[in-house]
Each structure stands twice: as structure tokens, then as C-alpha cells.
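Here, each number is a calculation from the coordinates, and none is a lab measurement. Model, not experiment: these values are computed from the prediction. Cβ placement follows ideal geometry from the backbone for every residue including glycine, while neighbour counts extend to all protein chains displayed.
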Amino acid sequence: MPEQDVLYELLPAEGDWISRDAGWTALSERLGREISAEDFDRLIWLLGERVAWNPHDRLVCRQLGTGVPQLPSTIETERDIEGWFERFVWKRAARMFYEPPPLSLSIVVQNTARVGSSSGRWTRPDLSMACISRYHYAPVPSFDLFSFELKMAAGCNMLAVHEALSHTAAAHFAYLGLYLPKGSREEMNLPSMLEQAQHHGVGVIRIGDPRDEASYTLLLAAQRQSPSPAKIDGFIEERFDEANRLALRKWVHR
Amino acid sequence: MSKIVAFANAKGGVGKTTLALSMAEASAYLGKTTLLIDLDLQINASITLAGDCIDDMLPWRRGQTIEDYLEERWHGRVPTPLNYIDRSQRVHLLSGSPSITFFERRVLVWRDTVFEARNCVNFWMLDVLRTARQHYDLIVCDTPPGLSLLAESAIKSADLIVVPQIPDRLSTQGLQRYAKYFQEDLELSDVAHRTVVFINMFDVRTDVAETYAEAIRRESKLPIFPYRVFENQYKAKVAFKEAMDISRTKRFEEVWSSVDSDVLAATRELWKFLGWIEGEGAANETGTSGIGSGAASGRKRKVTSGT
């Protein structure tokens, strides 16, 4: 058996971290000869994606799976859509919302469905996207906050439009993402919803199948609102995680 | 399925950046969501994609580069790599940094062994690449000439390593050494399948290019360090240089002007190697066995015409 596989076998099966020194000693014992630090590190290199390595504490563990959370393959609740919609936003939003493209565009996407206070029915969108864009003749970067309210077919009604509208208190652009497969009974609600959405400047994206990017259709573009900067600050402070807040601050105040 | 392609060659000036950028832009044009990760301290790909914007807007001036991400990891923080990507162009950009070499030097000094330093950088890069795989169809890594920790990591993770090669004497000699480095120093598995040579800057004015292009194809069959070869080639042509100086707000055909069809043809061949479209790179089917044998077999290489 190759030495790297011997080392892999020695690592705890549960993916617990062990120290480099412990792994090194155990491997030397198993092989019946002294292993140098360089040899040990070389074997870790050869294991590649099969192990994870913490350089600060010099710990090593088995990498379980791919290390990437898998998105749900069946769509039964709003929560199942979130990951897919988030991926769509990361991949396609720039082209969908910024045309012609700015000189530079940096975005952070935050799942705000379960971050921060949970009190109040319409206090938080499911997903938010903050964008910093730069243009030739704009003296300062432009900042846009997008909110996305996701609804299953059963939730496709006028209330959903108003829920999305409520997010314009803190967002420049409010969107409603409707998971509405072709032939759904709720399709009959769509014309009146679109009429209301247009009246209030709420954007609408229809999702035929959350797993298929080609099935996302922009039915209505949102109108830009003017929420107070204090509201925006408060929203980001409460709903965005620290890494995203730091990134935004860095881009805005560099 | 998402694929990582590293454009690499220890030799400088062989057209790594031009080839990486052309294939990335063609892939985006043909409908693939594409990310370019610039690992070269010369940041030529980043400059080309970021365009002629004023200084403050450049990614490496606003702290949005691969080095800035790695710097966070160095300090023990784990931000999402997605926050470091500029999305304004058809090809999204994780910008390079002119000071990336100093960062690599710090990691080397920080750790006991070169392999430990390699592991640090490799695991941080793996996080970047894993996340990118979730969001992009194609991830193109433009590596610097010579050897660097980041380039090694990209090469190690790549599904395909494209080695641009000028058909001349010195380049041809260096190729075997580079293949040896993949196999013996990086200890890459499946080198023969993952390494594909692209003959670049083919100069039709002399016989030298044809002679050495055939030598490259012939050596690809050597059992010690085998590799595959693209059927398509880029000829030495002004349009390629011009494309690196054109704003990316223009359409694909305008940027690549008279060579756009060559870029698309080469990109489609790249897709074959990646298994996205049927068939493998056509060069794999050939059995060239000597200088000039390609012509002798009546098979015409796809070389761009005119200057």
C-alpha cells in the first residue's frame, strides 16, 4: 500500500483533527522507520483533497465528502430553493441587473432568512445582495442593496408582492422570486400580481425549476427606491455576517 | 460539470495569458459561466479584463485580489472567496496581485518544510477552487512563468493543464523537462491525460516552426513523459496582441477581430478535451512518427492564415 494511503488509514475515521506531530509519530511506528518532517508533509501533499490541513495549529484530518455543502435535489419547502437561488444570484445577477456593465462590480450575497432577529413577520428578505459598482464618470462608487423574497407556488398571491414591497424600507431594489412551475394552479394569480408589482416597483423573477438556471425568467425589473442610509446601515449590521460586512466596508472606504 | 484548466509553462513569453484569456472569453461567449483566476504577479490578464479604468477602481488597489483572500486565511479568517471576484465582465475575474510573490515568500519562511508551505497554500487554494466549482462551469487559472506555490496548487487541482508552446528549439527542449517536473516533483497522477500542449505563435515565414511543431507532436508519443497536443494552433499574428489592448465592453468578435474564428475553434477543441462535447482532441487520434509525417499523411493542421 502506498505510504500516503497508510497515513490516510491512520487518521481518525470521524474526521477529527489530530496534530501533525501525532500523525507523524503514528506513521513512523506503523512503517517501522523514522519519517522526516519533509516526508510527512509530502504525504499530506500527495493526499491532496482527501485531507484537510489547518496550518495555524498544524492539525490534519480526513476531508469528508467534497467539503462543499450539497444543495437539495428535491424542492419541497422555501428553504430548499434558497441555496439554488443564491447560486443563481452569484452567477447571473451581475448580467441580469447591470446592463451595460459597470467598470467594476463587486458583490456580496447574504442569506438573510435566518440571520438576526426573527421578530416581525415581514422584517427580513430571504436573500440580500449588496453591490458596489464603479463607473468612469461617477466620483464615488455606487452602492445598491437588493432584497429577494422567495415564494413557493402556494404562496403566489398579492400578499407576496406586499411582503417584497416592505423590504424597500431598507433595499434599493426589491425582488420577488416565484417558484411557479408551468401549469401550476397559481398561475392564474400572476397577471394581477404583476400589475401590483409594477405599480409598486417590485421586480419579479419566475423560477420554473430552481435547479435549472435556464428556467429563471425576469418578468419585471424592480424600480430603484431611496431607503434612508441609516436604514440600510441598520439592515446590514443586523443581517449580514461579519466577513461580508468587512468586505463591504473595505470596498466602500478604501 | 465544472472544470479547472491551468495554463502553465515554466518558460515566459509563450502566450499563456493570451491563450487563457482567449479561451476563457470564447467559453463565456459560447455560454459557459467562466472565472479567470490570475496567479501571475505580472497581472496581465487582470489588467486586460479590468480595462482602462482609473487607478482607484482596479481590483489590486481596492483589496480584492487572490492575495487579499490568502492574507485573510493567513490571519486565520475564512471569508468566502466569492467576495473577491469582480463580475463586471463576461469573464469574471479573481484578480492577481503584483506582490503575490512576497506573500508566497512569507509562507515559505513561516513553515518548516517546502512541502508544508505547499500544503498551506494548496488547502487555501482548494477552498477557492471548490467554491468556484460550485458557481462556474469553467475556471481558468493563468499561472506565472517559472514555479510558484500558487501555480503548483492550481496545476495539482486542474482537470486539464494546457501548456502553450512556441515551436522552436529552446521551447521544445524545455517541454520534456516541464513534463518531468509535473510527474516527479509535483507527483501528479495521470500526467499524460491531463497535459495538453498548444502550439502557439506559429511562424509561417520559416520552416523552423513546422519542423518543431512536428517534433512536439512526435515527442508527445514518447512513453516516458507523454502528453496530448491540440490540433488547432495560433499563428504569430498582430490581432492577438491587439486583442489584449481592447476594452472588454466590446463584443467578443470585436475584441478578437480577425482571429475570432480561430479562438472559437481552439476553444471547441478545449471543450472536447474537457469532455463537454463529443470526441477527444483530434491530435490524439494521429500517429505522427517523424518530422513532416503530418503533411505526408495528407492531414492539414488548423493554422490561422494571413497576417
**Average other protein chain Cβ within 10 Å of Cβ, residues A:81-92** = 2
**Cut-off 17 Å (backbone N to label point 7 Å along Cα→Cβ of B:Thr206), residues of segment B:8-25** = B:14
**Request:** Would you mind giving the mean number of other chain beta-carbons within 10 Å of the Cβ of each residue in B:78-84, as a whole number?
**Result:** 5
**Prompt:** What lysines could a cross-link reach from A:Lys250, if we take a straight Cα to Cα line under 24 Å and drop same-chain neighbours fewer than 8 places away?
**Reply:** A:Lys91, A:Lys231
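Averaged across the residues of A:94-103, what count of C-beta atoms belonging to other chains lies within 10 Å of each residue's C-beta?
Details: counts 7, 4, 0, 0, 2, 0, 2, 6, 6, 12.
Average per residue, whole number: 4.
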**Request:** May I ask you to list the lysines whose Cα is less than 25 Å away from that of B:Lys11, ignoring any residue fewer than eight positions away on the same chain?
**Result:** B:Lys3, B:Lys156, B:Lys180, B:Lys221, B:Lys235, B:Lys237, B:Lys241, B:Lys302
**Item:** Residues whose placed amide H lies under 5 Å from that of B:Arg228, excluding near-sequence neighbours
**Value:** B:Thr195, B:Val196, B:Val197
**Message:** Taking 2.2 N^0.38 Å as the expected size of a compact globular protein, what ratio does the Cα radius of gyration of the protein assembly as shown give against it, to two decimals?
**Reply:** 1.05
**Item:** Magnitude of the charge dipole, segment A:78-230, Cβ model with Lys/Arg +1 and Asp/Glu -1, debye to 20
**Value:** 240
**Message:** For chain B, what does the convex hull of the Cα positions come to per residue, in cubic angstrom?
**Reply:** 123
**Message:** Using a Cα-Cα cut-off of under 20 Å, which aspartates and glutamates could be cross-linked to B:Lys250, ignoring same-chain neighbours fewer than 8 residues away?
**Reply:** A:Glu99, B:Glu25, B:Asp52, B:Asp86, B:Glu242, B:Asp260, B:Asp262
**Item:** Viscosity 1.306 mPa s, 10 °C: Kirkwood-radius Stokes-Einstein D of segment A:78-230 over Cα pairs, µm²/s
**Value:** 101
**Asked** With a 10 Å Cβ neighbour count serving as the proxy for reagent exposure, in which order, fewest first, do B:Ser171, A:Ser142, A:Ser106 appear?
**Response** A:Ser142, B:Ser171, A:Ser106
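Quick check: from the Cα gyration tensor, does segment B:130-242 come out rounded (a/c under 1.5), prolate or oblate?
Oblate, since a/c reaches 1.5 and b/c is not below a/b.
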